[in-house]
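**Q** Here it is, the structure in full.
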Amino acid sequence: MRVLPKTDADYPPLLLVRTDYRDDDAWQRVLAALDKPWVFDEDDEDNGRSKEDIVRVDDPVWADATPADVLAALTAPEDGEAPAECGWPVVFLADRASMRGAEPTLLAVSPDPEEETEPYRIPALETPHEMHCNLAIANMDFDEFGE
């Protein structure tokens, strides 16, 4: 059974779901890119960088999962209730396309059922940290990063 964590944290960590298991070296390149901080102030070497905490879902049960599969698991009703809010501002998928290019990418997916913007691809280097930070504090909207 496919299950994903939900969160009620005011500032949750970044959620990364691996959906491609064909190339472990490519997965390590994705993780290495995510290990680099987002530089939002080049003049401030001490406080001008940010690297979000990451919850990694690295379970082959998620192999070939689609964004719809991930969203269904995140919003699955508890005890027969209405679809639940998962608490994540954005979910990142490391899918087949993420692993294929010279530079790793991630598929950004909004868990907001009212979001009309389709999932879109972003560079795995820095952008996930910037995007997660700005969405978590409601500084920007999901669609603004896809422009």
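Here, each number is a calculation from the coordinates, and none is a lab measurement. Source: prediction; values computed, not measured. Here Cβ is always computed from backbone atoms with ideal geometry, including for glycine, and neighbour counts include all displayed protein chains.
**Q** So what J values fall out for segment 89-98 if you push phi through Karplus, 6.51 cos²θ - 1.76 cosθ + 1.60 with θ = phi - 60°, rounded to Hz, Gly and Pro as x?
**A** x, 7, 10, 10, 10, 9, 9, 4, 5, 4
**Q** Here is a follow-up. Please work out which option in [x] 0.96; [y] 0.99; [z] 1.06 gives Rg/Rh (Cα atoms, Kirkwood Rh) calculated from these coordinates, and answer with its label.
**A** [x]
**Q** Using 1/(1 + (r/R0)^6) with R0 = 25 angstrom and r between the beta carbons of Lys36 and Ala102, what's the FRET efficiency to the nearest 0.05?
**A** Efficiency, rounded to the nearest 0.05: 0.95.
**Q** Check which residues have an amide H placed less than 5 Å from Thr105's amide H, if you skip close sequence neighbours.
**A** Amide H to amide H, under 5 Å and 5 or more residues apart or across chains, Thr105 pairs with Ala124.
**Q** Under a 5 Å amide H to amide H cut-off, with H placed in plane at 1.01 Å, what residues pair with Asp59 once short-range neighbours are removed?
**A** Amide H neighbours of Asp59: Arg18.
**Q** Right, something else. Provide the FRET efficiency to the nearest 0.05 for the Ala76-Met140 pair, computing r from the beta carbons and using R0 = 35 Å.
**A** Plugging the Cβ-Cβ distance into 1/(1 + (r/R0)^6) gives 0.80.
**Q** I've got another one for you. Could you pull out every residue, at least 5 positions away or on a different chain, whose amide H is within less than 5 Å of the one on Leu14? Hs are placed 1.01 Å off N in the peptide plane, and Pro or chain starts have none.
**A** Close amide H contacts, sequence-distant or interchain: Asp53, Ile54, Val55.
**Q** Further, regarding this structure: Given the rule -39500 (n - 2.57) for each run of at least 4 DSSP H residues, summed and divided by the residues of the chain, what is its mean residue ellipticity at 222 nm, to the nearest 500 deg cm²/dmol?
**A** The per-residue figure over the chain is -7000 deg cm²/dmol.
**Q** How many nm is it between the label spots at Glu118 and Ile54, if each spot is 7 Å from the Cα in line with the beta carbon?
**A** 2.7
**Q** Need the full-extension length gain, Asp24 to Asp69, defined as separation in residues times 0.36 nm minus the C-alpha distance. One decimal, nm.
**A** Between Asp24 and Asp69, full extension yields 14.0 nm more.
**Q** Here's another thing I want to ask about it. Among Pro37, Pro77, Pro13, which one shows the biggest mean-square fluctuation in a GNM of the chain, springs joining Cα atoms closer than 10 Å?
**A** Pro77
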